[in-house]
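To start, the structure itself, in structure tokens.
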Amino acid sequence: MNGGSPGRRELVTEWLPDFVVRSPAFEQLCPRVVSALAAYESFPEVKDWGRFSPEPSGDLAELELHELRTAQVRFTPQDDARIRAAGGYDYYIKETGLVPSRPGSWHDLFNALMWRHYPALKRGVHRLQLEDFAARVDPRRRTALGDAVTLLDEGGVIVLSSDPELLELIRQFSWLELFYERRAAFQRRVRVLVVGHALLHALLRPFIGLVGQAWLVSAPDDALSDWRCARSFADAYAAAHLAAEVRRPKDLHPLPLLGIPGYQDNDSADYYRNLPAYFRGKGPRG
């Protein structure tokens with residue numbers, strides 16, 4: 001995959017019906033949703049966003065997720081005055097069941113797509129954001145919980161793997177070994193789910209320096225068999241474990257996304273060695 005240029009950070013604003021070709025990160029999206037989006041010649045109206053839901057496969061877990069999607073939030077054009085009257089964005093969602101969304105915004109459309117593809121995760125994030133607001137001493141300053149949840153919501157990645165050694169390589173910043181020396185194992189035993197909507201927006205025009213904040217999750221091999229299985233497992237895992245496992249920023253781990261096999265033309269050792277500032281080693285963390 002080509003397209004990452006050093007330091008390039010201009011965000012895409014125009015409608016791209018074929019946006020899925022911009023990054024492997026979009027392969028996680030349900031093909032039915034991708035086809036529906038591709039049919040639009042211009043940016044879909046906010047009132048249509050609720051339609052972009054994966055269809056259930058027929059198994060119990062997928063049917064439960066489908067029920068959660070259809071019972072959950074809807075999307076409405078953003079009204080700043082109403083948000084202020086409710087006490088803020090998340091309180092507005094809590095009161096109304098509506099997610100304020102800006103027309104023509106990739107950032108907000110990707111947020112809607114994540115609500116539809118990972119309803120339990122997004123509902124859990126919403127609850128933790130409300131918990132953060134309630135715990136603040138200064139209303140303008142997030143708690144450690146608020147920082148962590150915001151990182152996941154905006155720039156988060158869920159990394160599923162059936163190989164604990166590969167997850168440990170992420171913790172140790174061992175990028176050359178992870179992405180190049182153990183590339184075959186990575187491709188076979190890892191699924192990377194980009195769930196942060198700001199990160200998805202940035203991946204429409206990738207740049208060297210793009211880093212996700214990874215929640216590392218051990219998963220069985222059958223959860224890695226395809227994207228639907230990976231999404232279903234990740235969302236069920238989030239429903240059970242998000243509130244306990246993502247409490248502080250250091251519960252998440254930096255992941256240089258353009259090192260992931262397929263995210264760039266990165267199948268040589270020199271690719272990683274020639275970008276030391278991007279694929280840097282582990283330093284002290286707060």
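Looking only at segment 101-121, decide whether some residue is at positive phi, out of contact with any helix residue (DSSP H, G or I) (no Cβ under 7 Å at 6 or more places or on another chain) and part of a loop (DSSP other than H, G, I, E, B). Yes, that holds for at least one residue. Scanning segment 6-26 for residues that are under 12 Å from Leu203 (Cα atoms), surrounded by 13 or more Cβ atoms within 10 Å (Cβ to Cβ) and in contact with a helix residue (DSSP H, G or I) (Cβ under 9 Å, 6 or more places away or on another chain) returns Val12, Phe19, Val20, Ser23, Ala25, Phe26.
Is it the case that segment 72-91 has a residue that's under 25 Å from Ala223 (Cβ atoms), in contact with a Gly (Cβ under 9 Å, 6 or more places away or on another chain) and at pLDDT below 95?
Looking only at segment 72-91, we keep the residues that are under 25 Å from Ala223 (Cβ atoms), and these are 72.
Add one more test, that the residue is in contact with a Gly (Cβ under 9 Å, 6 or more places away or on another chain), and what stays is 72.
Next, from what is left, pick out any that are at pLDDT below 95: 72.
Checking segment 72-91: at least one residue is under 25 Å from Ala223 (Cβ atoms), in contact with a Gly (Cβ under 9 Å, 6 or more places away or on another chain) and at pLDDT below 95.
Within segment 98-112, residues that are more than 18 Å from His126 (Cβ to Cβ) sit with their Cβ atoms under 7 Å from residues that are in a helix (DSSP H, G or I) and of a type in the set (A, V, I, L, M), at 6+ positions apart or across chains, in these pairs: Pro103/Val46.
Within segment 168-193, the residues that satisfy the criterion of being aliphatic (A, V, I, L, M), closer than 19 Å to Trp227 by Cα and either part of a helix (DSSP H, G or I) or over 21 Å from the mean Cα position of the chain (by Cα) (or both) are Ala184, Ala185.
Being among the small types (Gly, Ala, Ser) and within 20 Å of the chain's Cα centre (by Cα) is the filter here, so list the residues in segment 121-143 that pass it. Before you say what the answer is, go through the steps one by one.
From segment 121-143, those among the small types (Gly, Ala, Ser) are 124, 134-135; that's our starting set.
Matches in segment 121-143: Gly124 only.
When Asp235, Asp221 are checked against the criterion of being more than 23 Å from Val21 (Cα to Cα), touching a residue at least 12 places away in the same chain (Cβ under 8 Å), buried (at least 18 other Cβ atoms within 10 Å of the Cβ) and of a type in the set (Asp, Glu), Asp235 stands alone in meeting it. On inspection, Glu177 qualifies as closer than 27 Å to Gly281 by Cα, of a type outside the set (Val, Ile, Thr) and without any contact (Cβ under 8 Å) to a residue 12 or more places away in the chain. Condition test on Ala134, is it touching a Pro at 6+ places or on another chain (Cβ under 9 Å) and surrounded by fewer than 17 Cβ atoms within 10 Å (Cβ to Cβ)? Answer is no for this residue. Within segment 243-257, residues that are under 30 Å from Ile208 (Cβ atoms) sit with their Cβ atoms under 6 Å from residues that are among the polar types (S, T, N, Q), at 6+ positions apart or across chains, in these pairs: Leu252/Gln213. Phe186 meets the conditions (1) farther than 25 Å from Ala240 by Cβ; (2) surrounded by fewer than 20 Cβ atoms within 10 Å (Cβ to Cβ) in every case but one. The failed one is (2).
Of the numbered criteria (1) in contact with a Pro (Cβ under 9 Å, 6 or more places away or on another chain); (2) more than 21 Å from Gln28 (Cα to Cα), the one Arg74 fails is (1).
Take the conditions (1) hydrophobic (A, V, I, L, M, F, W, C); (2) crowded, with 20+ Cβ neighbours inside 10 Å; (3) in contact with a Leu (Cβ under 9 Å, 6 or more places away or on another chain); Trp227 misses just one of them, which is (2). Scanning segment 176-187 for residues that are touching a Phe, Trp or Tyr at 6+ places or on another chain (Cβ under 7 Å) and under 10 Å from Ile260 (Cβ atoms) yields Leu178, Phe179, Phe186.
The values are calculated or read from the model by the stated rules, or taken from the named source; none is laboratory data. Fair warning: this is a prediction, and the values are worked out from it, not measured in the lab. Virtual Cβ from ideal backbone geometry, glycine too; neighbours counted across all protein chains shown.
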